[in-house]
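Engineer: Input: one structure, supplied below.
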Amino acid sequence: MHKFPLAVIGAGVIGRTHIERILKTPEFTLVGVAEPGTAGRQWCAERNVPTFENHQALLQATQPQGVVIATPNPTHVDVAADCMARGIAVLIEKPVADTLAAAERLVQIEQSTGVPVLVGHHRRHNPILQRARQIMAEGRLGQVLSANVMANVYKPEAYFDVAWRRQAGGGPVLINLIHDIDMLVYLLGEVRAVQGSLSSAVRGFDVEDTGAALLEFAGGTQAVMTVSDTTVSPWCWDFCAGEQSQYPRQHVQSHFLSGTQGSLSLPDLALWRYPGERHWHREMTREQSSPHEIDVYVQQLRHFRAVAERRETPICSALDGWRTLQATLALLQAARSGQRQTCPAFTASRNPT
């Protein structure tokens, strides 16, 4: 298989994550990186990666078949539009955009150009979630009626030396909890309504440090989620699932799904069921799956190549990204207003003209 030419736009933390994976994976070649910052350009130079001042210069000088967009959220759709106008498939980091209108515009561009979009909700590529979906599809949980999710960590004070992390949009809802919301959307389908509460009582920044949410899904599931970046806790996916080596792995669970036929905890994939009659006086059995561990970012890049070559459909499309963003922004609005927020289904009439 020939090397697939990729470009990366943005050499910040997540951009470097992609760059490192591209450089170490034989089936890819990195044709260039667009990065205006001195620190990012120096980091690329140390790895002999050609850099360009902006994405326009990169696209003019190189011929990538796919582009990874790891720029600030408000720029995602404009940069993607420039790439897609050239017929280049895009992998856009989460969140797909900073506003719902911008995400809708991206869906429209994808529909009109036929150029595929993959949104970088990398957890969807984890074999744990793939196995969970299989268990659910087999009906072993029955109808899933409740879900409980914890995304609780402690971020050190130095993390907040960067100004945008103390401002609206830089808190744990859009940075962290959006991943967990996307996991539930992937497992349970569309969110229909959201209630929530946020607090900044500990740090006192403009942005939240703690929150809670109730998500109502179209299929009837009620999900309770908590998030905090100021709690000393092992209960978050990044610690439990072992996806990222910079976090010491904690062998506890952070996600729980309960259904009429059984219940499932994640990431350990422990399935609890009654072997016979369902009765609270009966003993339950516990089964556990152990899928192989993979580098989810490499797996995401391999899937992106297949998407760009039209061999696979996106596991997280522009529309999927829109759904997750809608639910996340609805949580923020519900917390501000104190009122339940509905999440209408996407229809063609919602596309911007």
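Engineer: Report the gain in length on full extension from Leu23 to Thr99: 0.36 nm times residue separation, minus Cα-Cα distance, nm rounded to one decimal.
Structural biologist: Contour length minus Cα-Cα distance gives 24.1 nm.
Engineer: For Gly170, enumerate residues with amide H under 5 Å from its amide H, sequence gap 5+ or separate chain, H modeled in the peptide plane.
Structural biologist: none
Engineer: Something else about it: From the phi angles alone, apply the Karplus equation (6.51, -1.76, 1.60; θ = phi - 60°) to segment 143-157 and give each ³J(HN,Hα) in whole Hz, x where the residue is Gly or Pro.
Structural biologist: Taking θ as phi minus 60°, the curve returns 7, 6, 9, 9, 9, 10, 9, 10, 9, 10, 9, 10, 9, x, 4 Hz for segment 143-157.
Engineer: Further, regarding this structure: I'd like the accessible area for Ile178: 1.4 Å probe, protein heavy atoms, all chains in place, Å² to the nearest 10.
Structural biologist: The accessible area comes out at roughly 0 Å².
Engineer: Keeping all protein chains in place and using 1.4 angstrom, which order do Ser146, Ser265 fall into by accessible surface area, from largest down? Mind dumping the intermediate values first?
Structural biologist: Numbers: Ser146 40, Ser265 10 Å².
Putting Ser146, Ser265 in descending order of accessible area: Ser146, Ser265.
Engineer: Over segment 1-144, give the accessible area per residue in Å² for a 1.4 Å probe, as an integer. All intermediate terms of the calculation are to be shown ahead of the outcome.
Structural biologist: Details: 5790 Å² over 144 residues.
Solvent-accessible surface per residue comes out at 40 Å².
Engineer: Taking amide H positions as placed 1.01 Å from N in the peptide plane, with prolines and chain starts having none, which residues 5 or more places from Leu145, or on another chain, fall under 5 Å of its amide H?
Structural biologist: Correct list: Ser258, Gly259, Thr260.
Engineer: In percent, how large is the relative contact order of the chain, given Cα pairs closer than 8 Å and 6 or more residues apart? The partial results should precede the final answer.
Structural biologist: On the way: 702 pairs, mean separation 65.8, N = 353.
In percent, rounded to a whole number, it is 19.
Engineer: Let me ask something else about it. What number comes out for accessible area per residue over segment 149-213 if the probe is 1.4 Å? Units Å², please. Could you put the intermediate results ahead of the total?
Structural biologist: Working: 2600 Å² over 65 residues.
Heavy-atom SASA per residue in segment 149-213 reads 40 Å².
Engineer: On the accessible surface of the chain, probed at 1.4 Å, how many percent belong to carbon and sulfur atoms? Can you show the working numbers first?
Structural biologist: Values: 7970 of 15760 Å².
C and S atoms contribute 51 percent here.
Engineer: Further question on the same structure: Using a 1.4 Å probe, how large is the accessible area of Ser245, given in Å² and rounded to the nearest 10?
Structural biologist: 120
Engineer: As a test of the definition: which semi-axes, in Å, follow for segment 139-257 when you take the square root of five times each eigenvalue of its alpha carbon gyration tensor? Largest first, please. Provide the component values of the computation, followed by the final result.
Structural biologist: Values: eigenvalues 136, 63, 23 Å².
Gyration-tensor ellipsoid for segment 139-257: 26, 18, 11 Å.
Engineer: For n ≥ 4 DSSP H runs only, could you compute -39500 (n - 2.57) per run for the chain, divide by its residues and tell me the 222 nm figure to the nearest 500?
Structural biologist: Working: 10 runs with 110 residues, N = 353.
Calculated at 222 nm, the ellipticity per residue is -9500 deg cm²/dmol.
Engineer: HN-Hα J couplings of segment 3-11 from phi, Karplus 6.51/-1.76/1.60, θ = phi - 60°, integer Hz, Gly and Pro as x?
Structural biologist: Per-residue couplings from phi come out as 5, 8, x, 10, 10, 10, 10, x, 10 Hz.
Engineer: Which value, in debye to the nearest 20, describes the size of the charge dipole of the chain about its Cα centre when Lys and Arg Cβ atoms bear +1, Asp and Glu Cβ atoms bear -1, and nothing else is charged? Don't jump to the answer; show the numbers that get you there.
Structural biologist: Numbers: 32 positive and 33 negative charges, 100 e Å.
Around 480 debye, computed over the chain.
Engineer: What do you reckon, how do Glu283, Glu46, Glu110 stack up by accessible area (1.4 Å probe), largest on top?
Structural biologist: Values: Glu283 155, Glu46 120, Glu110 40 Å².
Descending accessible area places them as Glu283, Glu46, Glu110.
Engineer: Here is a further query. Sorted by accessible area (1.4 Å probe), largest first, how do Arg16, Arg86, Arg21 line up?
Structural biologist: Values: Arg16 70, Arg86 120, Arg21 45 Å².
Sorted descending by solvent-accessible area, the residues read Arg86, Arg16, Arg21.
Engineer: How high is the relative contact order of segment 259-309, given as a whole-number percent (alpha carbon pairs under 8 Å, six or more residues apart)? Intermediate results must be reported in sequence, preceding the final value.
Structural biologist: Working: 40 pairs, mean separation 13.1, N = 51.
Relative CO of segment 259-309 lands at 26 percent.
Engineer: Take the chain, mark every one of the chymotrypsin sites (Phe, Trp or Tyr not before Pro) that falls in a DSSP loop and has at most 15 other Cβ within 10 Å, then report the longest stretch left between them, sites excluded.
Structural biologist: On the way: sites that count: Phe205, Trp280.
With a cap of 15 other Cβ atoms within 10 Å, the longest stretch comes to 1-204.
The values are calculated or read from the model by the stated rules, or taken from the named source; none is laboratory data. This one's a predicted model, so the numbers in the text were calculated from it and none came from an experiment. No Cβ is skipped: glycine too gets one built from the backbone with ideal geometry, and neighbour counts run over all protein chains shown. Each accessible area value is taken on the protein alone, full model and side chains, heavy atoms only, with ligands, DNA and RNA left out. Shrake-Rupley method; radii C 1.70, N 1.55, O 1.52, S 1.80 Å.
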